[in-house]
Amino acid sequence: GPKLLNQYVYFTNKETGSDDKPIYFTGGELIDGPMRSNDYIYIDNTNGNPTFNGTVEFKGIKDKNQNTVAENKYPNYATMKGNPPYRILSDTDASKLDFNSIASEYQTNLQNMVKPYSDLQTSPATPTGIQFTKDITLSFNHDTGSDYDLLIYEGSDVDKSKIRYKIKWKPSGPPNATVVKETKSGGSWSPSAPVDTLFNGVVYSTGNINIDSNNSTYLSEYYGNYTLYSEADIKIKDRLIPYDTYNKYFKNDQAKPLSSSDIESIKKYVSANEKSSLNLVAKNNVIVSEPVVQSFLFFEYYTKLDNMKLFASIYAFNGSFKVADYNNDNPAGQLLVFGSIMQNIRGPVGTFDSSGKTKTGYYKTYVYDERLITAAYQPAATPAKDSSAKIRVLGVVKSNN
């Protein structure tokens, strides 16, 4: 199959942030799956070792004082459970996965997979996505009985938007879908005639993509397989959880932190049962933002969602995956990414004190979606390295003949 970038739970070109300061893995953090960095990784083991459950590919480890750690000292800094525990990358190895060339190839190829809404009036012969030439704000079905699976507003302010689109999968299932364009007049929305189409799940914007349900649920539960691509940034204000997994584990409490046993249970369930998946692909940054929690006169107050959950494969080609205002406010608990993270420059998600405890923002729990190994339920337009292939031995049959 194609050499997909999400064959790793975590993949970074550069481990120092945009200010060239190192960003650390710390005690209690979990990277559950194969991991690659084209750089040295930085570890502060003051409060214990981070755990890496898959093979770690990197140039080596640097400690909290930015000194290079000798190989025989690695067990003092990290609990590595992969087989093999790690692989040292040469400069040649690192250059073989170049984000800049992949980003350019990807954006060019994606143009053939999307159309503007006006071109959907004629039913396409093959499944197609929808392209926008401005900022958009979208959310997935978050209420029982909603008349959409995906809701898209033109603009970054839902309250000021005058046009929105409702996309609904037909009972016959993907790619068969219906798109309804609605126009706001006064305080009400007027729908146009539904357009039947073959929807491949791809939404493309030349501006920012904001994921925001614009209500108190702070939840987008998605059904189906989607790729969201922005030529700028993707900003996330909702927890993103696939429909079946949400109903199984989070219906009564989407804000709870997950233990190791919780994670193992969810991994088994997703691998056997979940049929939905999501790619978040940005030319620049993918940012966990803060929703508005209260407005008073001209002032708006923001806060991070406790124990944020993102079930998605995340790509930040020229920028970072990061948390907005990561170094302010109280600790927000666990940041769970269940899928994969690909970023050019590592972005910060929180800070920790001298004892290694989370001071602001989040501590990391990154879990690999094992369906990605076999590309099961892979959304259309999943980024891959052009002109390359991945060959994986899944089993060997022995014959006595």
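The values are calculated or read from the model by the stated rules, or taken from the named source; none is laboratory data. If you're wondering where the values come from, they're calculated on a predicted model, not measured in any experiment. Cβ atoms come from the backbone with ideal geometry, glycine included; neighbour counts cover every protein chain shown. The area values use the complete protein model at the heavy-atom level, side chains included, leaving out ligands, DNA and RNA. Shrake-Rupley method; radii C 1.70, N 1.55, O 1.52, S 1.80 Å.
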(message) Give all pairs with beta carbons closer than 6 Å in which a residue from the stretch 172-195 that is within 18 Å of D157 (Cβ to Cβ) meets a residue that is open to solvent by less than 50 Å² (accessible area, probe 1.4 Å); count only pairs at least 6 apart in sequence or on separate chains.
(response) E182/R164; T183/I163; W189/E182
(request) Determine whether Y10 is touching a residue at least 60 places away in the same chain (Cβ under 8 Å), open to solvent by less than 50 Å² (accessible area, probe 1.4 Å) and of a type in the set (F, W, Y). (result) yes
(request) Any chance you could count how many residues in the stretch 228-242 are touching a helix residue (DSSP H, G or I) at 6+ places or on another chain (Cβ under 9 Å), buried (at least 24 other Cβ atoms within 10 Å of the Cβ) and either among the β-branched types (V, I, T) or not in a strand (DSSP E or B) (or both)? (result) 1
(message) Going through I136, I163, I167, I88 one at a time, which residue ends up being under 18 Å from N225 (Cα atoms) and at pLDDT 95 or above?
(response) I167
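Rundown of residues vs (1) touching a Leu at 6+ places or on another chain (Cβ under 7 Å); (2) more than 30 Å from Y377 (Cα to Cα); (3) not in a loop (DSSP other than H, G, I, E, B), yes/no style:
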residue: N6; (1), (2), (3): yes, no, yes
residue: N13; (1), (2), (3): no, no, yes
residue: D19; (1), (2), (3): no, yes, no
residue: F25; (1), (2), (3): no, yes, yes
residue: I43; (1), (2), (3): no, yes, yes
residue: N47; (1), (2), (3): no, yes, no
residue: G54; (1), (2), (3): no, no, no
residue: E57; (1), (2), (3): yes, no, yes
(request) Considering each of K134, K168 in turn, give the residue that is free of Cβ contacts under 8 Å to residues at least 24 places away in the same chain, open to solvent by 20 Å² or more (accessible area, probe 1.4 Å) and touching a strand residue (DSSP E or B) at 6+ places or on another chain (Cβ under 8 Å). (result) K168
(request) Output yes when any residue across the stretch 192-205 is under 18 Å from R239 (Cβ atoms), modelled with pLDDT under 95 and open to solvent by less than 20 Å² (accessible area, probe 1.4 Å), and no when none is. (result) no
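Residues are listed down the side, and each one gets a yes or a no for (1) assigned to a loop (DSSP other than H, G, I, E, B); (2) open to solvent by 50 Å² or more (accessible area, probe 1.4 Å); (3) of a type outside the set (G, A, S):
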position	(1), (2), (3)
K64	yes, yes, yes
P75	no, yes, yes
G82	yes, no, no
R87	no, yes, yes
A94	no, no, no
I102	no, no, yes
Y106	no, no, yes
L120	no, no, yes
(message) The conditions are (1) of a type in the set (D, E); (2) open to solvent by 20 Å² or more (accessible area, probe 1.4 Å); (3) outside any loop (DSSP other than H, G, I, E, B), and D147 fails exactly one of them. Which is it?
(response) (3)
